[in-house]
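The values are calculated or read from the model by the stated rules, or taken from the named source; none is laboratory data. Note that the structure is a prediction, hence the values are computed from the model and not measured. Glycine gets a Cβ as well: all are built from the backbone with ideal geometry, and neighbour counts include every protein chain shown. These area figures cover heavy atoms from the full protein model, side chains too; ligands, DNA and RNA do not enter into them. Shrake-Rupley method; radii C 1.70, N 1.55, O 1.52, S 1.80 Å.
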Amino acid sequence: MKLNIDCIRDIMIVIEDLDFKQSINIDRLCECLPNYSEDELHYTSLKLYEAGFIDAIVISIMSVPGEMIKCINELTYNGHVFLDNIRNDNVFAETKSRIAKAVGSASIDVIAQVAVSVLRSKLGI
(Lines give C-alpha, C1' and ligand atoms only; values in the text may rest on other atoms or scores of the structure.)
Protein backbone atom coordinates (compact mmCIF):
# COMPACT_ATOMS: atom_id res chain seq x y z
CA MET A 1 0.00 0.00 0.00
CA LYS A 2 1.29 3.48 -0.82
CA LEU A 3 1.69 6.07 1.88
CA ASN A 4 -0.63 9.01 1.15
CA ILE A 5 0.79 12.37 2.27
CA ASP A 6 -2.68 13.93 2.41
CA CYS A 7 -3.89 11.11 4.65
CA ILE A 8 -0.86 11.60 6.92
CA ARG A 9 -1.66 15.27 7.39
CA ASP A 10 -5.40 14.75 7.85
CA ILE A 11 -4.92 12.04 10.49
CA MET A 12 -2.49 14.20 12.41
CA ILE A 13 -4.87 17.18 12.38
CA VAL A 14 -7.68 14.99 13.75
CA ILE A 15 -5.41 13.64 16.49
CA GLU A 16 -4.22 17.11 17.41
CA ASP A 17 -7.84 18.21 17.87
CA LEU A 18 -8.43 15.56 20.54
CA ASP A 19 -8.83 16.73 24.11
CA PHE A 20 -6.05 15.91 26.56
CA LYS A 21 -6.26 12.25 27.66
CA GLN A 22 -8.81 11.50 24.90
CA SER A 23 -8.03 8.72 22.44
CA ILE A 24 -9.47 7.73 19.07
CA ASN A 25 -9.87 4.34 17.42
CA ILE A 26 -9.82 3.54 13.71
CA ASP A 27 -13.63 3.37 13.50
CA ARG A 28 -13.91 6.92 14.82
CA LEU A 29 -11.08 8.03 12.55
CA CYS A 30 -13.09 6.63 9.61
CA GLU A 31 -16.05 8.76 10.67
CA CYS A 32 -13.87 11.87 10.88
CA LEU A 33 -12.12 11.20 7.56
CA PRO A 34 -14.66 9.53 5.24
CA ASN A 35 -12.61 10.26 2.10
CA TYR A 36 -10.16 7.50 3.06
CA SER A 37 -10.71 3.76 3.33
CA GLU A 38 -10.40 2.00 6.67
CA ASP A 39 -7.35 0.15 5.34
CA GLU A 40 -5.68 3.41 4.28
CA LEU A 41 -6.34 5.04 7.65
CA HIS A 42 -5.09 1.99 9.53
CA TYR A 43 -1.98 1.61 7.38
CA THR A 44 -1.11 5.30 7.60
CA SER A 45 -1.68 5.34 11.37
CA LEU A 46 0.67 2.37 11.76
CA LYS A 47 3.34 4.15 9.74
CA LEU A 48 2.92 7.30 11.85
CA TYR A 49 3.31 5.11 14.95
CA GLU A 50 6.41 3.43 13.52
CA ALA A 51 7.87 6.87 12.67
CA GLY A 52 7.35 8.00 16.26
CA PHE A 53 4.82 10.71 15.39
CA ILE A 54 1.86 9.28 17.30
CA ASP A 55 1.43 7.49 20.62
CA ALA A 56 -0.88 4.52 20.17
CA ILE A 57 -1.80 1.20 21.67
CA VAL A 58 -0.80 -1.45 19.14
CA ILE A 59 -1.86 -5.07 19.42
CA SER A 60 -1.24 -8.32 17.60
CA ILE A 61 -4.17 -10.56 16.73
CA MET A 62 -3.47 -14.20 15.91
CA SER A 63 -5.85 -14.28 12.95
CA VAL A 64 -4.47 -11.06 11.41
CA PRO A 65 -0.90 -10.73 10.15
CA GLY A 66 1.08 -7.82 11.53
CA GLU A 67 0.11 -5.30 14.17
CA MET A 68 -3.16 -3.45 14.56
CA ILE A 69 -3.86 -0.03 16.07
CA LYS A 70 -6.25 -0.43 19.02
CA CYS A 71 -6.38 3.31 19.71
CA ILE A 72 -4.40 6.47 19.11
CA ASN A 73 -3.69 8.53 22.21
CA GLU A 74 -1.92 11.67 20.99
CA LEU A 75 0.76 13.19 18.83
CA THR A 76 4.28 12.84 20.17
CA TYR A 77 6.52 15.89 20.39
CA ASN A 78 8.05 14.95 17.02
CA GLY A 79 4.55 14.53 15.64
CA HIS A 80 3.68 18.08 16.70
CA VAL A 81 6.86 19.39 15.08
CA PHE A 82 6.13 17.53 11.85
CA LEU A 83 2.51 18.70 11.76
CA ASP A 84 3.55 22.29 12.44
CA ASN A 85 5.85 22.06 9.42
CA ILE A 86 3.08 20.84 7.08
CA ARG A 87 0.06 22.57 8.62
CA ASN A 88 0.04 25.68 6.42
CA ASP A 89 -1.82 24.98 3.17
CA ASN A 90 0.73 26.83 1.03
CA VAL A 91 3.72 25.12 2.61
CA PHE A 92 1.99 21.75 2.32
CA ALA A 93 1.11 22.33 -1.35
CA GLU A 94 4.68 23.34 -2.17
CA THR A 95 6.07 20.37 -0.22
CA LYS A 96 3.87 17.99 -2.21
CA SER A 97 4.79 19.75 -5.46
CA ARG A 98 8.53 19.49 -4.82
CA ILE A 99 8.23 15.82 -3.97
CA ALA A 100 6.09 15.09 -7.04
CA LYS A 101 8.53 16.89 -9.36
CA ALA A 102 11.59 15.23 -7.89
CA VAL A 103 10.60 11.64 -7.18
CA GLY A 104 6.84 11.19 -7.19
CA SER A 105 6.59 9.81 -3.66
CA ALA A 106 8.64 9.94 -0.48
CA SER A 107 9.06 8.56 3.00
CA ILE A 108 7.77 10.39 6.05
CA ASP A 109 11.34 11.46 6.84
CA VAL A 110 11.82 12.95 3.37
CA ILE A 111 8.44 14.70 3.56
CA ALA A 112 9.53 16.23 6.87
CA GLN A 113 12.86 17.39 5.42
CA VAL A 114 11.24 18.90 2.32
CA ALA A 115 8.67 20.71 4.49
CA VAL A 116 11.47 22.23 6.58
CA SER A 117 13.23 23.32 3.39
CA VAL A 118 10.03 24.94 2.10
CA LEU A 119 9.50 26.73 5.43
CA ARG A 120 13.08 27.99 5.47
CA SER A 121 12.78 29.35 1.94
CA LYS A 122 9.51 31.11 2.86
CA LEU A 123 11.18 32.59 5.95
CA GLY A 124 14.30 33.55 4.02
CA ILE A 125 16.67 31.46 6.15
Inside the range 58-80, can you point out the residues that are within 30 Å of F20 (Cα to Cα), free of Cβ contacts under 8 Å to residues at least 24 places away in the same chain and out of contact with any helix residue (DSSP H, G or I) (no Cβ under 7 Å at 6 or more places or on another chain)?
I59, S60, I61, G66, Y77
If you go through the range 7-49, how many residues are assigned to a helix (DSSP H, G or I) and touching a residue at least 12 places away in the same chain (Cβ under 8 Å)?
25
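Give me a count of the residues in the range 50-102 that are part of a helix (DSSP H, G or I) and of a type in the set (K, R).
So the first thing to find is which residues in the range 50-102 are part of a helix (DSSP H, G or I), and the list is 50, 77-86, 89-102.
Remaining after also requiring of a type in the set (K, R): 96, 98, 101.
Total meeting the criteria: 3.
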Of everything in the range 107-121, what is open to solvent by less than 30 Å² (accessible area, probe 1.4 Å) and either under 13 Å from V81 (Cα atoms) or modelled with pLDDT under 80 (or both)? Give them in sequence order.
I108, I111, A112, A115
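Determine whether E74 is touching an Asp or Glu at 6+ places or on another chain (Cβ under 6 Å), farther than 18 Å from M1 by Cβ, of a type outside the set (F, W, Y) and surrounded by 15 or more Cβ atoms within 10 Å (Cβ to Cβ).
yes
Look at I69 and say whether it is more than 14 Å from I5 (Cα to Cα), at pLDDT below 90, in contact with a strand residue (DSSP E or B) (Cβ under 9 Å, 6 or more places away or on another chain) and loosely packed, with under 13 Cβ neighbours inside 10 Å.
On the way: more than 14 Å from I5 (Cα to Cα): yes; at pLDDT below 90: yes; in contact with a strand residue (DSSP E or B) (Cβ under 9 Å, 6 or more places away or on another chain): yes; loosely packed, with under 13 Cβ neighbours inside 10 Å: no.
When the stated conditions are applied, I69 does not pass them.
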